1. Please list, ordered by first then second residue, the pairs with beta carbon atoms under 7 Å, 6 or more apart or interchain, first in the stretch 138-150 and more than 13 Å from Ile72 (Cα to Cα) and of a type in the set (Ser, Thr, Tyr), second at pLDDT below 70 and not in a helix (DSSP H, G or I).
2. From the set of residues in the stretch 39-51 that are free of Cβ contacts under 8 Å to residues at least 40 places away in the same chain and in contact with a helix residue (DSSP H, G or I) (Cβ under 7 Å, 6 or more places away or on another chain), which is nearest to Leu70 (Cα to Cα)?
3. List the strands (runs of 3 or more DSSP E) inside the stretch 70-150, counting only whole elements, that have at least 3 residues being at pLDDT 90 or above and surrounded by 17 or more Cβ atoms within 10 Å (Cβ to Cβ).
4. For residues in the stretch 47-69 being in a loop (DSSP other than H, G, I, E, B) and either among the aliphatic types (A, V, I, L, M) or in contact with a strand residue (DSSP E or B) (Cβ under 8 Å, 6 or more places away or on another chain) (or both), which is surrounded by the fewest Cβ atoms within 10 Å (Cβ to Cβ)?
5. Of all residues in the stretch 17-69, count the ones that are modelled with pLDDT of 85 or more and under 23 Å from Lys117 (Cα atoms).
Amino acid sequence: MKHMKRIVFATLLAFVAVILVACSSFTRSDNGVYVFEPSTEDIKSILKEQGNSIEGAELFIDQLKIKLTLEIKGEKGKISGFVSILGNKTEKSVDLKVDQKQKLISSKENDEKVRYKIEGDVLTFQGDNVDLTDEQAALISKFAKFKRVK
C-alpha cells in the first residue's frame, strides 16, 4: 500500500508539472477584431492637437462619422474604413501582413511597417515616427485606439 501511494503521488506530481509547463508557455495571440470609432469630441481634440482651427469644422463635425475596423488572423489582417460626412459615405479595405511576434503590421501593397501594442483589449500604434507616406493614415494611426470586439 505504501508503494502504491508513492506511485500515485509521483504520477500526480508529473501530471501537475506537465500542466504547469504547458500553461506557462501559453501566450495570448493578437487575433481578433478591433474597432476605432471616434466621438465628436475625439475628432475635435485630434484637430486641435494637429494645430487646425475647429471653427470651420464646427459646422459639419456633428455630421462626420468615422469607423475603422482592424481584423487580425494569424499572419494576415485587414483594415476597413468607413467615413460618412454630410450623407456621403465612403468605404475602403486594405489587406495587411501581421507579424505578431515583432508586433508589426504592414500593407500587402507596400513595405510601410507600423509597430503596434496591445494593452488589455486596446490596440494602439507605437512611435511618433509612424512609417507611413499617407498623411491621413499616419494621423489616424497616431491617435487611434482600437478596442477589441468580443
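The values are calculated or read from the model by the stated rules, or taken from the named source; none is laboratory data. The model shown is predicted, which means the values in this text are computed figures rather than measured ones. Quick reminder, even Gly has a Cβ in these numbers, built from the backbone with ideal geometry, and neighbours come from all protein chains shown.
1. Listed by first residue and then by second, the contacts come to Ser141/Val130; Ser141/Leu132.
2. Across the stretch 39-51, the extreme among qualifying residues is Ile43.
3. Answer list for the stretch 70-150: 76-85.
4. Phe60
5. The qualifying residues number 15.
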